[in-house]
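A.B. asks: The structure is given below, and queries will be raised subsequently.
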Amino acid sequence: MATTLPLLLLKLTLTPLLIGGASLAARRWGPAIAGWIVALPLTSGPVLFFVALDHGPEFAAQAAVGTTLGLGAIVAYSLAFVAASRRGPVASVAAATAAYVVAGVALQAVADWPYLLLAVLVALSIFGALRVLPPATAGRSAARHPSWDLPARILVGTALVVGLTTVAPLLGPTVSGIVTTFPVYVTVLSVFAFLHDGRSAGIGVLRGALIGLPGTVAFYVPIHFFVVSAGVVPAFALSIAVTSAIGIVALPRARGVGAEAEKLEPELV
């Protein structure tokens with residue numbers, strides 16, 4: 001209970017900054033960069049840190065398993081979103097959410113598999129999804145955004161984050177990891193991108209997020225293996241270093257999505 005207030009303050013502070021920053025990045029550099037930003041463990045990482053302090057490193061190590069499985073469920077989310085995207089953003093989110101729930105439930109059956117194998121399989125599924133997703137054809141937004149747009153994104157995103165992370169600890173470490181990995185930020189950004197700039201912009205957010213997700217998978221590997229033996233702070237410090245390195249390597253690819261989209265736009269007019 002000692003960290004309940006700091007954790008709530010973290011959610012209420014970090015979520016608006018992340019949603020707002022990623023939204024502005026999308027306007028400046030395109031939806032793929034926004035997706036890459038929100039794929040980083042900027043919320044799930046601190047949440048797991050507080051979980052480790054509250055419930056112990058053993059709980060955190062097992063929660064890392066659930067979180068990794070949740071990243072695999074994001075692949076199902078992304079594919080379902082694209083499959084339903086021609087029916088509009090509401091249908092896309094409904095189909096994607098259903099796919100995430102189904103995948104999350106199904107993946108619990110393999111939670112006892114060797115963790116490194118699970119991490120590798122999730123990473124491979126991410127790379128596979130990137131190969132089948134349609135290319136993004138929306139670069140920087142040229143549309144004027146109404147004054148309520150950014151506050152609405154922040155309000156919706158913050159409400160979802162607080163709600164999901166409040167319920168998750170009641171469900172046990174594995175299930176809580178899956179629940180807290182639900183792509184709240186990606187959902188908010190992809191829907192608003194879809195509404196303002198069309199289907200391809202929404203897909204661009206997903207593509208950017210998938211480009212960033214392997215770094216997030218890598219974030220949880222040191223936590224799972226070292227949080228008990230090395231301690232909370234050293235394990236998280238190593239995770240941050242690993243993810244930062246992978247994220248930097250992946251950034252040019254996310255930027256390339258936006259650049260490619262801007263080249264394609266004149267051909268589509």
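A.B. asks: Karplus couplings for the stretch 74-88 from phi (6.51 cos²θ - 1.76 cosθ + 1.60, θ = phi - 60°), rounded to Hz, Gly and Pro as x?
C.D. replies: Whole-Hz 3J(HN,Hα) from phi for the stretch 74-88: 5, 4, 4, 4, 5, 5, 5, 4, 5, 4, 9, 5, 5, 9, x.
A.B. asks: Just subtract the alpha-carbon distance of LEU171 and THR13 from 0.36 nm times their residue separation and send over the number in nm, one decimal. Display every interim value, and only then the final one.
C.D. replies: On the way: separation 158, 0.36 × 158 = 56.88 nm, distance 2.49 nm.
Residue separation times 0.36 nm, minus the Cα-Cα distance, leaves 54.4 nm.
A.B. asks: In nanometres, what is the gap between the two model label sites at LEU155 and VAL249, each 7 Å from Cα along Cα-to-Cβ?
C.D. replies: It works out to 4.3 nm between the two label points.
A.B. asks: Given the C-alpha centroids of the stretch 70-117 and the stretch 197-241, what is the distance between them in whole angstrom?
C.D. replies: Each part's Cα centre sits 17 Å from the other's.
A short reminder: the numbers here are calculations on the coordinates, not readings from a lab. Here the structure is a predicted model, which is why all the values come from computation and not from measurement. Cβ coordinates were reconstructed from backbone atoms using ideal geometry, including for glycine residues, and neighbour counts include every protein chain displayed.
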